[in-house]
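The values are calculated or read from the model by the stated rules, or taken from the named source; none is laboratory data. This structure is a prediction, so every number in the text was calculated from the model and none was measured. Don't worry about glycine lacking a Cβ; one is built from the backbone with ideal geometry, like all the others, and counts go over all protein chains shown. Side chains are part of the model used for accessible areas, which takes the heavy atoms of the whole protein and leaves out ligands, DNA and RNA. Shrake-Rupley method; radii C 1.70, N 1.55, O 1.52, S 1.80 Å.
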Amino acid sequence: MLKVMKNRESAGFALTAVVGVIALVGILAVSMVSLGNFKGDIRSQAAVLASTATLAIQNSSDIANEDGTEFKTGGSSAWVGTGQSTSSSYLGLRFQGDTVPKGAHIDSAKIEFTPNSTQWIAVKTKISGESSVAPASYGSSSKPSSRGLTSASKDISENSKWEAGKWYSYDVTPVVQELVNSDGRSVIAFVLKGSGGQWGRKFVYTSGANAPKLTISYTSSTETTATSTPVVTASPTVSATPTASPRATASPTVTPTQNPTATPTMTMPPTTGGSGAIFGIVGADTLGACSATVHDKYVVTGPDGKTYRTWHPAKDPSGCTFGHEHGDNPATSNIYTGNSVPFGYIAAQLTPPMDEPHAGFKCFVHNKGTVNDEGRTMQHDAYYCFHMGTGGPARFTARFHSLDSHLKSASGYVMNLQGMADVGNVGTLCDNPRQARTVQGLGCKIDSAYEIWANQLAIRNKGNSVANMIVSTAVFDPITSMDPADKTRIVYSWSPEAQQQIFRFNNPRDNFRGCQREAYTGPASWYNAGGSQVYYTDPYGNIVNGGVLKQEISNINTSANSGYLLFGVGLRMTESSNAQTQFKFRRSACVSGLGIKN
Amino acid sequence: MKNTAHKNKDGNIALIVVVVVLVAVGIGFVLLQSKTSMSTQVSSLPPIEERVNPSPQSGNKVYVSKADPGTKLIVDEAELVADGYIYVYSDMAGKQTMIGKSQLLTAGVHNNVSITLTSASKDGDVIYVNLVNKDGAKVLDENENAIEMQRNVGIVMSHYENEY
């Protein structure tokens, strides 16, 4: 009996073990099938790099002392510690140079000084970082004491002899760590507030080879991408720039090349994807607080069967906020049919393929019945995604930008176009004649930062017009401004030169993120009576057999939209009592956490 | 002995319950991960041989497949209802300036027409190719739009690649 019982026990345990193994195998099998498309994190492919970044004081306005009401920049020397005022003594230091990528682990960071004479006095000071991602130089209206500070700080209390010609350092590791946690940095500023006794200060050199410097040792990870794009480099540092404007170079961790003349290699470069390649590189400096894994969720299969990125909210449901946004959600359009817009698909059809920077894709939804700030009402349904980010200067020289546009008139006629829209030449408000794109630029004094593009996509059949769509897109807070003398140079809208050479009023503009936008839908014209409702074109809208882009155009002329015509020929976008061939609508896409590559 | 057997039976049941729970959790995890992958698909393109377009209704046509930098432009196809020319314009600061003109073409179809440009086009330029009648006026289609092709010279777009 006991033996029988024991046998039954054994059988029971064995059965349970078998069931458990089968269950585990089943889970594994289901996981492998269901997660086949999961764009997982490829951290296992990351390489860890140890690097050193050196930043220096480059201009006289990058170092300043405050002592009560007294203020001074430049000069042959500055002081660290406490002056006459024991409550309002400051040293401001603004360093520029090598870029430290966002998220880098700071092994050590130190500010180094060279005294202009041998000195021995007790110095107490509290060192905080300036939290702005693009700290400005110092001036009487922008003193060190007025700057926003980091939470992290370092208290210094020392009573040592500083000998002339030698270097002495203060550790600021936790401060720099906090700064790079939020953003990649090539400009880092500190505020040193005196906290010691009156006149407890040391004098240091301010310029040239003896100017204070910031030395940062850090480690960062890089991710491997397509074999055709070099990513892992031995020393991913960027040369220090001699200009005052911060030069926001692409992150060395994901940029395929820094040389724009390099052989194009954009054949489906994977970015942060795991098992599949996603077209469209996304740098760490645009991810914001979200991980690449989170960002990689937002993909769509394009008409060519390849994977492209698509619209996503600025704030992911998981709670993190991206460093960029894409404006209106196309799915909120009355005419959205469930097909996500594949960002980058259009430009990927160029020969060679072009990868428009991901953050620049902006979408606009103008539903019928929407009333704008002028009291005009949209009569039709339209939505479009257009590439127009203001985070860099490339837009000043790129003549064509991708446009994915959808329009359905109140009469039921459609015009679904995709192609490289002609944005015209670029100029400032001061140019005569005005250009199709009007941007803010050095040398043209204006009252506002408004930038507007007139973007046209024409579908032509061997030169004969079939359809024409114009959407004008505008931004009130462009991140960068244009240098007409060098359109490839980065000039931030809050930089001193922009403040001096563009704006009549020196308002703070370091919060500019290119997210305050408006767009004009129209004019739109059909020239397709008796034609086909589907055409295939090249990327520029020229109808050609075997074309890579599909256009859907009702086979009508514009005049078929009876009841919605202006002067009998143009599609009226607004109500007849307030008739225009364009409908303008302004909407902010701004959220806290947007970066300067938006 | 009965108690021992009973306890063993209870133990087996407990183990089975644990396994079932683990399986349920595992399936739930997998389903959750599947939902967070938001890949959708847009309509796919038909095979290239099926991407055939109708010819324009107008008897006037002009087509240029590409424009290379330099002083020569090849017009792949031009068809004119009446004798005329092909003019090439450059887009200089938004103002079209004629930089090339074909020889007089008779009515009909012409292929691979070579046009010498008076000023060399360079990478990034935008040119416009128009049909023009004998007296110099642009040929219009039935909608009174000029018969015109626009081309971006060279491959300048590549320099914009991922630079922001």
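Computed values, structure above
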{"quantity": "Share of pairwise Cα separations in the range A:139-228, more than 15 Å, in percent", "calculated": "73"}
{"quantity": "Projected area, mean over directions - the range A:441-516, Cα convex hull, nm²", "calculated": "6.6"}
{"quantity": "For B:43-55, mean number of other protein chain Cβ atoms within 10 Å", "calculated": "6"}
{"quantity": "Of A:Lys487/A:Lys597; A:Lys550/B:Lys122; B:Lys101/B:Lys122; A:Lys306/A:Lys362, pairs whose Cα-Cα distance is over 24 Å", "calculated": "A:Lys550/B:Lys122"}
{"quantity": "Number of partner chain Cβ atoms within 10 Å, mean per residue of A:523-535", "calculated": "2"}
{"quantity": "The range A:91-151 and the range A:280-294: distance between their alpha carbon centers, rounded to Å", "calculated": "28"}
{"quantity": "Whole-angstrom gap from the range A:372-407 to the range B:125-139, using each part's C-alpha centre", "calculated": "30"}
{"quantity": "Mean Cα-pair separation over length for the range A:278-359, i.e. relative contact order, pairs under 8 Å, 6 or more apart, %", "calculated": "34"}
{"quantity": "Relative contact order for the range A:467-545, counting Cα pairs under 8 Å that sit 6 or more residues apart, in percent", "calculated": "40"}
{"quantity": "Sequence ranges A:82-92, A:381-391, ranked by mean other-Cβ count within 10 angstrom, highest first", "calculated": "A:381-391, A:82-92"}
{"quantity": "Total accessible surface hidden between A and B, rounded to 100 Å², 1.4 Å probe", "calculated": "6500"}
{"quantity": "Compactness relative to 2.2 N^0.38 Å, alpha carbon Rg of the range A:358-448", "calculated": "1.31"}
{"quantity": "Carbon + sulfur, % of accessible area of the range A:331-373 - ligands and nucleic acids excluded, 1.4 Å", "calculated": "49"}
{"quantity": "Cβ crowding within 10 Å averaged over residues, with A:197-208, A:128-139 ranked highest first", "calculated": "A:128-139, A:197-208"}
{"quantity": "Per-residue mean of C-beta atoms belonging to partner chains within 10 Å, peptide B:124-130", "calculated": "2"}
{"quantity": "Given A:Lys213/A:Lys315; A:Lys368/B:Lys138; A:Lys102/A:Lys297; A:Lys102/A:Lys166, the pairs whose alpha carbons are separated by over 27 Å", "calculated": "A:Lys213/A:Lys315; A:Lys368/B:Lys138; A:Lys102/A:Lys166"}
{"quantity": "Mean accessible surface per residue for the range A:126-165, computed with a 1.4 Å probe while every protein chain stays in place, in Å²", "calculated": "45"}
{"quantity": "If the convex hull is drawn through the Cα atoms of the range B:51-139, its volume per residue in Å³", "calculated": "112"}
{"quantity": "Cleavage-rule hits, GluC sites (Glu not before Pro), the range A:141-194, DSSP coil, Cβ neighbours within 10 Å at most 15", "calculated": "A:Glu163"}
{"quantity": "Accessible carbon and sulfur surface of the range A:379-510 relative to its total accessible area, %, 1.4 Å", "calculated": "47"}
